[in-house]
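The values are calculated or read from the model by the stated rules, or taken from the named source; none is laboratory data. Predicted model only: the values in this text are computed from it and were never measured. Because the Cβ atoms are built from the backbone with ideal geometry, glycine has one as well, and the counts that use them run over all protein chains shown. To get the accessible areas, we keep the full protein, side chains included, count just its heavy atoms, and leave off ligands, DNA and RNA. Shrake-Rupley method; radii C 1.70, N 1.55, O 1.52, S 1.80 Å.
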Amino acid sequence: MDSQQFYTKGNGTGGRIKKRISDFLVKEITTDKTTCEIKVIGEDGVKKTIEKNWPENNGEEQLTLTLEKYNTDLNNVIRELSRKLYLSAKRFGYAGMKDKRAITSQKISIWKPDYQKVKDLRSKFIDVYDAKWSDKRIELGDLFGNEFEITIREIDLPEKKVEKIILDCFKQMENGIPNYFGLQRFGGIREITHLVGKEIIKGDLETAVMIYLTQTAPEEDEQTKNARTELAQTKDFSTASKNFPNELRFERAIIHHLCKYPKDYAGSLQKLPKQLRIMFTHAFQSYLFNKIINTRLEQGLGLGEIEGDILIDGVPSAALFGFESKLAEGKMGEIEKEILQKESLELSDFKIKKLSELSSKGTRKQLMLTPQKMKLLNIEKDEFTEGCLKATVSFSLTKGNYATTVVREIMKKEPR
C-alpha cells in the first residue's frame, strides 16, 4: 500500500486501537439523524437485559429492528439469523457494513419473518430490539452516517501532552482532512483486496485468483502461510484442498471449484459471496482515489477548490473510476488522467466482460472529510499496559467515510 500523508501539523499520541473489542464503538445515524445507541452489549460481550416491545403487525411486510453485534461482521450475522429464523439471506436489508472488531449498532429489516421466532431469538454476540413494522425495506446507503467512540491505548506520554495533542488536532480538523479510504478497505492483515481487483479489471483472472489464494501476511499462522506458499510454487489445487485450513472457507471454495474445473477462474471467483467479489473492484477504485489525493497534495494544490474541480455539495471531488466516469478539467483532470496512465488503464477496463456484476460505471467522492461533534471524553491510566495512558474520543462522520482516517491524524501512525 502507498503511504497516506498526514495533513494536520504537530506530534501524535502514538498508541494502538482495537486492543479490546469494546475500544471501538460504532452507532449508525439513520436518515432522520437518529443515533442507534448501544444498549445491550457491554465489555467482553456481556449483555444487559432491557425491556423489548413487540408491536402488532397491521399488514406491513417489513420488520425493522435495531441490531447490536459484538466482534463479528455483518455477513456472519445475516448467515446466523438466516439459519435461526429459517429465512433466505435475501430477505434481510441493511444500510451499511460495520467494523468487525467492534461493538456496533444499526438498523436492519426482514421481509415477512416468523415474528415469534424473532421474539425467541437467542445469540451470544447478537441482539435485536426496537421492533417496528413497515412497508419499506432498508437498502444499502439508507443512513446519514455513523457515530464513533474510540479508545487509543498504550500512549506513552504525560496526560497534559496527550490532551494538548488531541485538542490541537481536533481544532485543525475543523477545516477538513484528506478523505482517504482506510486500510480496512484493502483487506485486513493481508491488504490484497485492491491487488485482486486490479487484476480482475485488467482481465487477468488467473493472477487475481492466485493473489487471493497465495499472498501471505506475517500475522498468519504457519500452517496457513505454508499452504499458501506451496500452492504459489506448485499450482497443485488437489494438494491445496488438503493443506488449506478449514477456517479459510472462501479460499477452499475457490480451490474445490478449480479441482473440478481447472482454469475456470471466473467460475471460481463466483464461489465467493457477491458482496466480497464487489469489494475487489471497489478496493481498487479506492486505492486509485487515495493516489489522486496524494498526488494533489504532493503538487501543493491542497484540498480547497481549484479551477476545473467538480464539486459535490460545494466540496472538490475526485474520481472513483468507472466506464462512465466524467473526469475533472484543469489540473485535477490532468492528475486523474496521469493516475490512469501510470496504471496502464482505460476507463473501458471497468466494464468487466467475464464477471459483469463487478463492472462499475464510476462515481465521484469528496476529497475532504470534516468530522463533526469531536470530543475528548477522557484520559485515564491504561489498565492493561503499565505506565501508559488511554484516551477515548468520539466524533461522527457522514456515510461512506472512515473513522480510522480521523484516528490516524490523532495518532500520527497507521491505526492497527
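Observations
- Two-site FRET efficiency, Lys9 against Leu301, from Cβ-Cβ distance with R₀ of 22 Å, rounded to 0.05: 0.75
- If you run the Gaussian network model on the chain, springs between alpha carbon atoms under 10 Å, then out of Ser134, Ser356, Ser82 the most flexible one is Ser356.
- The range 104-181: translational diffusion in µm²/s, Stokes-Einstein, Kirkwood Rh over Cα pairs, 4 °C, 1.567 mPa s: 74 µm²/s
- Qualifying chymotrypsin sites (Phe, Trp or Tyr not before Pro) for the range 378-416 [loop in DSSP, other Cβ within 10 Å: at most 16]: Phe384
- The alpha carbon gyration tensor of the chain gives principal lengths a ≥ b ≥ c with a/c below 1.5, which makes the shape rounded.
- Hz values of 3J(HN,Hα) by residue in the range 155-171 - Karplus curve (6.51, -1.76, 1.60), Gly and Pro given as x: 8, 9, 9, x, 4, 4, 5, 4, 4, 5, 4, 5, 5, 4, 5, 4, 4
- In summary, the lysines within cross-link reach of Lys260, defined as a Cα separation below 20 angstrom excluding same-chain residues under 8 places away, comprise Lys235, Lys242, Lys271, Lys354.
- A Förster radius of 35 Å, combined with the Cβ-Cβ distance separating Lys342 from Asp168, puts the computed FRET efficiency at roughly 0.45.
- By accessible area, using a 1.4 Å probe on protein heavy atoms only, the chain has 47% of its surface on carbon and sulfur.
- Spin-label model distance (nm) - Asp236 vs Glu357, 7 Å beyond Cα toward Cβ: 3.4 nm
- Cα pair count fraction exceeding 22 Å, expressed as % - the range 1-87: 53 percent
- Mean residue ellipticity (222 nm) of the chain, computed from DSSP H runs ≥ 4 via -39,500 (n - 2.57), nearest 500: -10000 deg cm²/dmol
- One quarter of the convex hull surface built on the alpha carbon atoms of the range 209-279 amounts to 4.6 nm², the projected area averaged over directions.
- The Cα center of the range 28-69 and the Cα center of the range 160-219 differ in position by 31 Å.
- One Cα centroid belongs to the range 332-372, the other to the range 95-144; the line between them spans 32 Å.
- Evaluated at q = 0.13, 0.17, 0.29 Å⁻¹: base-10 log I(q)/I(0), Debye formula over Cα of the range 276-326: -0.37, -0.60, -1.17
- Reachable lysines from Lys107, criterion Cα separation under 17 angstrom, eight or more residues apart if same chain: Lys27, Lys33, Lys39, Lys52, Lys69, Lys90, Lys98, Lys119, Lys132, Lys136, Lys399
- Cut-off 11 Å between beta-carbons: net charge of the residues surrounding Ile312, Lys and Arg +1, Asp and Glu -1: 0
- The range 49-162 - Debye-derived log10 I(q)/I(0), Cα point model, q = 0.16, 0.20, 0.21, 0.24 Å⁻¹: -0.75, -1.13, -1.24, -1.58
- Taking the convex hull of the alpha carbon positions in the range 151-304 and averaging its projected area over all directions gives 12.7 nm².
- Thr49/Asp135 FRET efficiency (R0 25 Å; Cβ-Cβ; nearest 0.05): 0.20
- Loop-located trypsin sites (Lys or Arg not before Pro) in the range 239-307 whose Cβ has at most 11 other Cβ within 10 Å (DSSP): Lys263
- Taking 15 Å as the straight-line reach from the Cα of Lys390, the aspartates and glutamates in range (excluding those fewer than 8 positions away in the same chain) are Asp23, Glu149, Glu154, Asp156, Glu159, Glu163, Glu380, Asp382.
- In sequence order, calculated HN-Hα J values of the range 48-65 (Karplus, 6.51, -1.76, 1.60; Hz; x Gly/Pro): 9, 9, 10, 6, 10, 9, 10, x, 5, 8, 9, x, 6, 9, 10, 9, 9, 9
- Spin-label pair Ser88-Lys160: with each label point 7 Å from Cα along the Cα-Cβ axis, the two points sit 6.5 nm from one another.
- Phi to ³J(HN,Hα) by Karplus 6.51 cos²θ - 1.76 cosθ + 1.60 over the range 116-130, Hz, x for Gly, Pro: 5, 5, 5, 4, 8, 4, 10, 8, 5, 10, 9, 8, 10, 6, 6
- Surface exposure of the range 304-416, expressed per residue as accessible area with a 1.4 Å probe, stands at 51 Å².
- Tensor-based shape of the range 321-399 (alpha-carbon gyration tensor, a/c under 1.5 rounded, otherwise prolate or oblate): prolate
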